[in-house]
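Below: one structure, written as structure tokens.
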Amino acid sequence: MNTTSKKRQWIYGSHAILFLLLSAVILAAVNYLANAHPKRWDLTEYKENSLSDQTIKILSGLEEPIKIFCFYKNDDSDARSLKSLLDIYQYHSDKVEVEFVDPDLSPALTEKYGVQTYQTIMVTQGGRRERAALPNESKITNAILRTAKEKDKHIYFLEGHGEHDLAGSDQNGYAEVKKAIETDAYQISLLSLATMEKMPDDCSVLVIAGPTKDFFGSEIQIIGDYLDQGGRVFLLIDPGPIDQNLSELIINWGVQIENDRIIDPLSVMRGADFFVPVVETYDPFHAVTKDFQNVYTVFPLARSLRVMTFADKGLMCRKLAQTGQGTWGETRSDSIFYDEESDRIGPLNIAMSVERQRNLPEQSESDTTLPNTRMIIIGDSDFANNVYFYQHGNSDFFMNALSWLAGEEDLISVRAKEPHERRLNLTILQAQLLFWLSVVLIPLMVSIAGFIVWWIKR
């Protein structure tokens, strides 16, 4: 009996040991796989613990290692949230190295990078370095972009014809556009062609944002020559009179700017008015709009565009954004009712791209790959003003177009959004109910229950 009992105990004991060993092996294997192939899941509603698509693309495109120095005191509580953010950067790229430095304990390194204040973030690559203005994704990614770029692209905004004020902070200004362009590490300048003979050599993109006055013939000639030589132009043109020379120049590149105003009756149902068409139809294969599934863009006071066919010039015209079926192009200034004789029924083109390979002289023996001529035309400029720029997908549409024109398709994506602020707004009655419930009623009920238990057990 004792022998049988001991044998049974030995069997049970050996099984328990084997089970523990097997469990340990499985746990070790799972731990190894988790460390070798880490995965993250962000369950927050607005993906607040994830990086934007643009940042991920930038990180995946890094060719050289980036090192980020964070000059924070060891007991700084803000360093913890920054470390959590930078951990996500390192999760997406093994070329990102992070080092936290206490300026008081490492004065030599602090002096080397010219750090004057605590909570300074310095991004370095090789001999280049850039300071991140704030400890958030937008500023850190901007610093990485500036550090990784060998040469910044230069964006020129044309002035002198009533265009939007690039520094204007009023409703019609383009201050938000300027801020977004600088965030994407582009240089930005104003340009007047009235006294110039040609486009600046470092012009990556020429932006013409809502001109209201006529151009000099010499200016049109400079813009035309620039396009012929592989230039990039971003034209935003509102309803109303248009310079005839500018219109003819655009026609030569395959696009007719219509003399109308787009009416969208469904906009009223979305809280806007008839003259604010809401767009949700895009070219799904173009780099600018391929990620625009289920994204709205709004274009206040817009005009339509039409494709002109010039096969001999090898132009490729694409319809980037179109209005819905119920829209039309109203040609009469005093009407909002469709007239089948004079108005064009939708869908209407509201944004188009044009691309053409730069023609080379036959005698040229250059093997250099020359840039394509690229142009994007939008029948509205107000969609990018300070009021509308961050509404729906407007900012992404504008910045994606700019990136495509600048030849930086790899940076086209949905950009980082500001963190959502959540507030619980209570009425006076709701606040009073909350006070009486949490401060008075619940503590009173707990006290009564405790007294009853004491009374029963005494």
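Tabulated results
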| item | result |
| --- | --- |
| Those residues of the range 426-446 which are surrounded by 10 or more Cβ atoms within 10 Å (Cβ to Cβ) and among the polar types (S, T, N, Q), in sequence order | Gln430, Gln432, Ser438 |
| Pick from the range 268-291, criterion buried (at least 21 other Cβ atoms within 10 Å of the Cβ) and farther than 29 Å from Asp225 by Cβ, ranking: modelled with the highest pLDDT | Tyr282 |
| Within the range 315-344, tally of residues that are touching a Gly at 6+ places or on another chain (Cβ under 9 Å) and under 16 Å from Ala302 (Cβ atoms) | 9 |
| Per-region count, the range 53-72, residues surrounded by fewer than 15 Cβ atoms within 10 Å (Cβ to Cβ) and not in a loop (DSSP other than H, G, I, E, B) | 1 |
| Test: residue in the range 175-196 that is at pLDDT below 90, of a type in the set (Asp, Glu) and under 23 Å from Ala406 (Cβ atoms) | yes |
| Pairs, first farther than 13 Å from Ala401 by Cβ in the range 349-362, second part of a loop (DSSP other than H, G, I, E, B) and modelled with pLDDT under 70, C-beta under 9 Å, six or more apart | Gln357/Leu370; Arg358/Leu370; Leu360/Ser366; Leu360/Leu370 |
| Residues of the range 190-207 that turn out to be within 24 Å of Glu408 (Cα to Cα) and surrounded by 13 or more Cβ atoms within 10 Å (Cβ to Cβ), as a count | 9 |
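Here's the yes/no breakdown for (1) among the aliphatic types (A, V, I, L, M); (2) surrounded by 15 or more Cβ atoms within 10 Å (Cβ to Cβ); (3) within 19 Å of the chain's Cα centre (by Cα):
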position: Lys139; (1), (2), (3): no, yes, yes
position: Leu145; (1), (2), (3): yes, yes, yes
position: Lys149; (1), (2), (3): no, yes, yes
position: His154; (1), (2), (3): no, yes, yes
position: Gly162; (1), (2), (3): no, no, no
position: Ala175; (1), (2), (3): yes, yes, yes
position: Ile181; (1), (2), (3): yes, yes, yes
position: Asp184; (1), (2), (3): no, yes, yes
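The values are calculated or read from the model by the stated rules, or taken from the named source; none is laboratory data. The structure presented is a predicted model; accordingly, all values stated were derived computationally and were not measured. Note that we place each Cβ from the backbone using ideal geometry, even for glycine, and neighbour counts take in every protein chain shown.
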